[in-house]
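Step one of this worksheet: look at the structure below.
The values are calculated or read from the model by the stated rules, or taken from the named source; none is laboratory data. On a predicted model such as this, the values are computed, not experimentally measured, just so you know. FYI the Cβ positions are ideal-geometry reconstructions off the backbone, even for glycines, and counts take in every protein chain you see.
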Amino acid sequence: MSPGGHKDMIFRAARPSGDVFAQTVLVHLDAAYNLARWLTRNDQDAEDIVQEACLRAYRFQDGFHGGNARAWLLTIVRNTFYSFAERNRAYAQDVEFTDDTVAAPDVEMSTAVDSVEHLLEQADTRRLVHRALERLPAPFREVIVLRELEDMSYREIAIVTGSPIGTVMSRLARARKWMLQVISDMDEAS
C-alpha cells in the first residue's frame with residue numbers, strides 16, 4: 001500500500017455517523033503514519049499501527065472532549081506502537097535505557113540544535129540524518145519526529161508521550177546531541 005493509501009482505507013471504513021470523527025481526527029492521518037513509520041521503521045507495520053490506532057480512536061471517540069485532536073490521535077498511535085512492540089519481540093529495545101543511560105557527547109546544546117537543523121535543511125544529507133534517526137531508541141526518536149518533523153510544541157509532545165515537559169526537553173537535547181555524534185561518526189567512516 002502506498003504511504004497515502006492508508007487514508008483511503010480508513011476513510012472508507014468511517015460510517016456517515018463518523019463525520020465529526022473524520023473532520024477532527026482523520027485529517028491527521030499523515031502525522032499518524034509519519035510517527036508510526038519512524039517508530040516501527042517499517043511501512044507495513046506502520047500501516048497496521050495506524051489502522052489499529054484509528055479503530056481505537058473511533059471506538060473511544062467519546063473519550064475525546066475537544067482540544068487538540070492531533071495530539072490525541074498521536075497519543076493513541078504511540079500507545080498502539082508500544083503495545084505492538086510488547087507483543088512482537090522484533091521491536092524489543094536493543095538496550096535498556098533511561099534518560100540518564102543515553103550518554104550525550106560533549107557538544108554545546110546551541111551547537112547541537114543549530115547543527116541538526118542545518119543538516120535537516122540540506123537535501124544531500126537527508127539520508128544520513130534519517131539513518132542516524134533510525135538508530136535512536138524509540139522514546140528519543142519519537143520526540144525528535146514530533147518536534148522536528150511534525151513541528152509540535154513541547155507541550156503537545158508532553159501530551160502525546162505522557163511525559164513532563166522537562167523530560168521532553170531533556171530527551172530532545174540528548175537525542176539531538178546523540179544524532180550529531182552518530183552523523184559525525186558515519187561521516188568520518190565514509
Of the residues that make up the stretch 55-68, is at least one out of contact with any Phe, Trp or Tyr (no Cβ under 8 Å at 6 or more places or on another chain), within 19 Å of V145 (Cβ to Cβ) and either part of a helix (DSSP H, G or I) or modelled with pLDDT of 95 or more (or both)? no
Subset of the stretch 47-57 that is touching a residue at least 40 places away in the same chain (Cβ under 8 Å) and in contact with a helix residue (DSSP H, G or I) (Cβ under 6 Å, 6 or more places away or on another chain) - its residue that is nearest to L26 (Cα to Cα): C54
May I ask you to list the residues in the stretch 128-147 that are charged (D, E, K, R) and within 10 Å of the chain's Cα centre (by Cα)? R141, E142, R147
Positions within the stretch 141-157 being part of a helix (DSSP H, G or I) and surrounded by fewer than 20 Cβ atoms within 10 Å (Cβ to Cβ), in sequence order: E148, L149, Y154, R155, E156
I'd like the residue in the stretch 162-174 that is surrounded by fewer than 19 Cβ atoms within 10 Å (Cβ to Cβ) and assigned to a helix (DSSP H, G or I) and, out of all such residues, is farthest from the chain's Cα centre (by Cα). G166
Could you tell me which residue of the stretch 132-181 is nearest to L29 (Cα to Cα), considering only residues that are of a type in the set (S, T, N, Q) and without any contact (Cβ under 8 Å) to a residue 24 or more places away in the chain? S153
Flag if Q44 is within 17 Å of R87 (Cα to Cα) and among the polar types (S, T, N, Q): yes
